[in-house]
């Protein structure tokens, strides 16, 4: 029986199941910011703790994925601002990237060389399968801006990959 | 544009990552959440104001303050690492700095925690002439990545966020450089460093490894404080043993004049090095 003044938020089991369903998305979005597994894990850990403490703000479980991704992106930005990891990726010494052995390094490099404002919409749309509307919701950007950035990101990716191939 | 190669850019989700997520989920506490009343909100605001005033009253110059106030993740999630860094903390007394007319740099504290292969260096930079110069971290200039320069604006006509004007991040906020400076009439210098290297026998060897990080901020005294945390692959103990238990390290840094012309600003950048010794056991 609930006591007066108590809210019944999402239960831990439900939260855990939903997080596990989104684990691959969390990993790749965090990697697209940090470029290494350890920092990605740090950011996701912080995001999960924050999301858990704010789970009462999620009105519809159907929106869990976009809601959690928003929190993760904010954590990545905060972490990068507070604990500066690297210069803009174009200046990043190669040794500070840490990719798993089975990663496609050429494509990871190309992705990580995109400016963040183009990289994030591309990762969310092309890698994680969010719709343009969902990407707009996650990034708090207008839909047209999202479309423009995805288009620009694609163009730059094609150029990066072609340049690397030469 | 979904293709197999981009899909595999970051590889499969590593087991270490999965274990970390699982552990985080296990440790989440399930507590009933009380609805906030106005009384609760007021109490929270008062408490935050009190804590904020205490924090501002503390001059943030040391490694202990840093790991207890600005970067608290180790305290919360890796207390053994926090303890290791704190227990091995040492003041840095022996150091040499190249002559620099504009900026004085000193390494204040170091910590070598061999159990975590972690080296932490805290250094402070301040203008030689603080009456005429204001110093900020170089990273705080255009930290959002939206500066493209006037000559490139036409390339981003569809992007409402690009700028032709430099913005600076300070404790006043993020905005046009002169508006964000404490004293806009002063000359602005930008300070940057991110490397720790072995000096002497293996001179120039960069101490490297994953988990390395750099944090940079301006403290109450107007000094630019940089904390470099390096996860070190080399066996520092072996190097130090050859030198009687001390290790000579160097930290290169750059100083840039903020100027309206980007090329001149780039050309103004110079690099110096501070070299120092720490005890390594």
So what's the stretch B:89-242 giving for Rg/Rh, alpha carbon basis, Kirkwood Rh from the mean inverse pair distance? 1.06
The alpha-carbon center of the stretch B:242-277 and that of the stretch B:145-203 are separated, in whole Å, by 18 Å
Among A:25, B:272, rank each residue by its count of other Cβ atoms within 10 Å, from fewest to most, as a rough exposure measure. B:272, A:25
If packing is taken as the average count of other Cβ atoms within 10 Å, what order do B:182-189, A:104-111, B:141-148 fall into, highest mean first? A:104-111, B:141-148, B:182-189
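Using only the Cα atoms, work out Rg/Rh for the stretch B:60-153, with Rh taken as the Kirkwood radius, to two decimals. Walk me through the numbers on the way to the answer.
Values: Rg = 17.7 Å, Rh = 16.2 Å.
For the stretch B:60-153, the value is 1.09.
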Taking beta carbons within 10 Å but only from partner chains, what does the mean come to for residues B:15-27? 6
Please report, in whole Å³, the volume per residue of the convex hull around the C-alpha atoms of the stretch B:221-264. 155 Å³
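Highest mean first, how do B:250-257, A:140-147 rank when packing is the count of other Cβ atoms within 10 Å averaged over residues?
Descending packing order for the listed peptides: B:250-257, A:140-147.
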Net lengthening on full extension, residue B:259/residue B:243 (0.36 nm per residue, minus Cα-Cα): 1.3 nm
What does the structure give for B:66-73 when I average, per residue, the other chain Cβ atoms found within 10 Å of the residue Cβ? 1
Average beta carbon contacts from partner chains per residue of A:36-43, 10 Å cutoff: 5
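Bear in mind that the values in this text are calculations on the coordinates, not laboratory data. Keep in mind that what you see is a predicted model, and the values were worked out from it rather than measured. All Cβ positions, glycine included, derive from the backbone under ideal geometry; neighbour counts span all protein chains shown.
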